[in-house]
1. Could you tell me whether B:Gln5 is farther than 28 Å from A:Pro184 by Cβ, outside any loop (DSSP other than H, G, I, E, B) and either more than 20 Å from the chain's Cα centre (by Cα) or of a type in the set (Gly, Ala, Ser) (or both)?
2. Taking the stretch A:63-77 on its own, how many of its residues are touching a residue at least 12 places away in the same chain (Cβ under 8 Å) and either within 12 Å of chain B (Cβ to nearest Cβ) or not in a helix (DSSP H, G or I) (or both)?
3. What's the number of the only condition in (1) part of a helix (DSSP H, G or I); (2) within 13 Å of another protein chain (Cβ to nearest Cβ) that A:Phe55 fails to meet?
4. Of all residues being in contact with a Leu (Cβ under 6 Å, 6 or more places away or on another chain) and away from ligand 1 (no atom under 16 Å from the Cβ) in the stretch B:173-197, which is nearest to B:Leu98 (Cα to Cα)? Just the residue, please.
5. In this structure, does B:Arg30 turn out to be more than 10 Å from chain A (Cβ to nearest Cβ), loosely packed, with under 15 Cβ neighbours inside 10 Å and over 30 Å from B:Ala113 (Cα atoms)?
6. Go through A:Gln96, A:Gln47 for me and flag whichever is modelled with pLDDT of 95 or more, on the phi < 0 side of the Ramachandran plot and more than 16 Å from ligand 1 (Cβ to nearest atom).
7. Can you find, within the stretch B:94-103, the residue that is nearest to the other protein chains (Cβ to nearest Cβ) among those that are of a type in the set (A, V, I, L, M) and surrounded by 22 or more Cβ atoms within 10 Å (Cβ to Cβ)?
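The values are calculated or read from the model by the stated rules, or taken from the named source; none is laboratory data. Remember, predicted model here, so these are calculated numbers, not experimental data. Here the Cβ is made from the backbone with ideal geometry for all residues, glycine too, and neighbour counts use every protein chain on show.
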Number of protein chains: 2
Amino acid sequence: MTDKQVPDVVVGRLPLYLRTLKQLQTEGRRVISSAQLAKLLHLNPAQIRKDLSMFGEFGRQGVGYTIPDLIAQLERILHVDRTWEMIVVGAGALGQALVNYPGFEINGFRIAAIYDNDPAKIGKPIGRFIVRDVQYMPEDVRSHGWRIGILAVPEAAAQAVAEQMVSAGIRAILCYAPTVLTLPGNVQVQYIDPIVHLQHMAFYLEETD
Amino acid sequence: MTDKQVPDVVVGRLPLYLRTLKQLQTEGRRVISSAQLAKLLHLNPAQIRKDLSMFGEFGRQGVGYTIPDLIAQLERILHVDRTWEMIVVGAGALGQALVNYPGFEINGFRIAAIYDNDPAKIGKPIGRFIVRDVQYMPEDVRSHGWRIGILAVPEAAAQAVAEQMVSAGIRAILCYAPTVLTLPGNVQVQYIDPIVHLQHMAFYLEETD
DNA sequence: AGGATGTTGTGCTTATTTTCCCAATATGAC
DNA sequence: GTCATATTGGGAAAATAAGCACAACATCCT
Ligand SMILES: NC(=O)c1ccc[n+]([C@@H]2O[C@H](COP(=O)([O-])OP(=O)(O)OC[C@H]3O[C@@H](n4cnc5c(N)ncnc54)[C@H](O)[C@@H]3O)[C@@H](O)[C@H]2O)c1
Ligand SMILES: NC(=O)c1ccc[n+]([C@@H]2O[C@H](COP(=O)([O-])OP(=O)(O)OC[C@H]3O[C@@H](n4cnc5c(N)ncnc54)[C@H](O)[C@@H]3O)[C@@H](O)[C@H]2O)c1
């Protein structure tokens with residue numbers, strides 16, 4: 001099932017290419033070379049060409065890549081030439097920021113519902129939603145066939161909630177809780193933890209105050 | 001200065017080890033083997049041992065690692081055996097969530113100020129702060145010697161604001177704006193963009209609705 | 001005391017990823 | 001048409017990262 005032909009590191013760079021190409025498109029650019037794109041992304045041009053060449057021949061020798069075409073190809077490859085509906089579980093500070101973020105809709109994703117287990121939050125409006133009781137989440141996920149979930153609950157609840165999401169049919173989880181989830185191998189998981197990034201950078205900072 | 005001995009991928013895993021060890025410590029565990037830690041992190045035990053061995057010999061053969069000791073070592077290595085003060089620029093939805101996040105303080109970081117350029121936000125309270133006019137940011141950064149900044153402004157403003165931060169003395173930026181910053185090589189930058197992760201996962205999802 | 005079991009640190013091997021390089025092709029100037 | 005310049009795609013080499021396997025040591029049980 002998983003295209004083991006294509007290394008995961010390569011897949012991980014495609015969204016960065018796509019993001020930059022969309023940005024260039026809004027600036028009115030029509031064509032770009034791997035060298036120019038590489039400069040914007042601080043990458044090696046050969047790496048970009050090789051990454052793209054795993055999926056086809058999208059460029060023109062001597063010319064470069066036509067931006068709208070390459071955007072369309074990348075959207076197809078990444079399966080974002082459609083809109084995926086997503087759920088958010090956890091209507092705290094982060095869940096609220098996510099629900100109001102317009103970036104999802106213009107990049108292939110759309111929040112369809114938000115859940116919490118706090119009676120004080122259930123039924124309250126957040127953005128264009130009413131927070132739903134998380135006990136209805138599995139049923140909603142099943143009936144709508146939703147496949148993607150954003151997990152924004154406290155760490156202590158993350159594993160249990162993730163398991164409920166998966167057993168309801170969720171197959172991709174973006175986890176904001178600072179923990180590693182243990183889930184079946186056919187479930188995609190990605191993590192966002194600012195502490196990890198800050199500590200990574202702190203390593204390179206000099207100790208002096 | 002930068003331990004070019006130590007690959008950046010290794011540095012990137014240390015915060016994950018530290019996070020898990022702290023979690024284990026709260027559960028009362030005192031000792032852990034590389035095999036057990038690897039299982040929790042879904043990594044190879046040899047990789048963990050090799051990563052740690054780049055910085056010293058922290059384990060005991062036949063026994064494993066003493067959790068409090070290893071935590072102390074990792075905190076020292078990552079330079080989080082202290083508290084770094086940080087600024088947040090951008091008091092929008094995300095900036096507000098960040099300011100109220102308690103995770104920073106227990107992991108070596110502390111938000112010291114938050115800035116915006118919107119007159120409607122400047123002067124308003126957010127969490128324990130009053131939003132300050134971003135025009136005072138450079139002066140504040142210089143006078144306090146702050147080195148770390150979180151960038152939570154719209155993409156269109158990110159590069160310019162980042163340059164102001166750097167020229168004021170900021171040396172590490174956690175960027176939430178969906179763009180690649182171009183900054184001097186002595187400035188650390190890390191990015192958080194949920195769209196990138198979602199598109200990465202979407203690649204592996206079957207196209208079927 | 002000795003054997004069974006468990007664990008580290010690391011030399012070496014294997015796997016993966018990145019980069020180099022160049023034939024092939026495109027465009028524009030004259 | 002020819003030449004100068006720009007650029008891709010991909011084979012091959014180089015660089016980097018991951019994993020195996022084992023000597024050395026620790027603990028526990030009898
Ligand atoms: N706020 C931030 O800036 C930030 C930054 C980094 C990471 N995080 C992480 O993101 C997660 C959410 O952060 P937050 O600041 O929004 O926290 P929060 O405490 O504001 O919100 C968490 C929400 O999850 C709900 N919840 C708890 N258990 C639940 C369950 N079993 N089912 C459904 N809902 C449940 C709570 O009622 C609450 O509304 C946490 O894991 C946090 O560590 C937050
Ligand atoms: N909200 C989310 O969940 C989310 C998710 C992913 C990424 N992001 C990204 O994070 C960034 C912030 O997101 P947000 O939702 O908080 O946006 P937001 O629009 O709510 O807030 C942005 C804030 O930045 C301020 N700002 C604009 N220009 C500024 C400048 N030059 N100096 C100082 N402040 C300035 C604005 O006044 C505003 O208060 C954006 O780049 C966004 O794309 C947000």
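1. The answer is no for B:Gln5.
2. Qualifying residue count, the stretch A:63-77: 7.
3. Unmet condition: (1).
4. B:Ile173
5. Working: more than 10 Å from chain A (Cβ to nearest Cβ): yes; loosely packed, with under 15 Cβ neighbours inside 10 Å: yes; over 30 Å from B:Ala113 (Cα atoms): yes.
Yes: the conditions hold for B:Arg30.
6. Sole residue among the options that is modelled with pLDDT of 95 or more, on the phi < 0 side of the Ramachandran plot and more than 16 Å from ligand 1 (Cβ to nearest atom): A:Gln47.
7. Checked the stretch B:94-103; the qualifying residue nearest to the other protein chains (Cβ to nearest Cβ) is B:Leu94.
Table: residues versus (1) assigned to a loop (DSSP other than H, G, I, E, B); (2) at pLDDT below 95; (3) surrounded by fewer than 21 Cβ atoms within 10 Å (Cβ to Cβ).
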residue: B:Ile114; (1), (2), (3): no, no, no
residue: B:Tyr136; (1), (2), (3): no, no, yes
residue: B:Val141; (1), (2), (3): no, no, no
residue: B:Gly149; (1), (2), (3): no, no, no
residue: B:Ala158; (1), (2), (3): no, no, no
residue: B:Ala177; (1), (2), (3): yes, no, no
residue: B:Leu181; (1), (2), (3): yes, no, yes
residue: B:Gln190; (1), (2), (3): no, no, yes
residue: B:Met201; (1), (2), (3): no, no, no
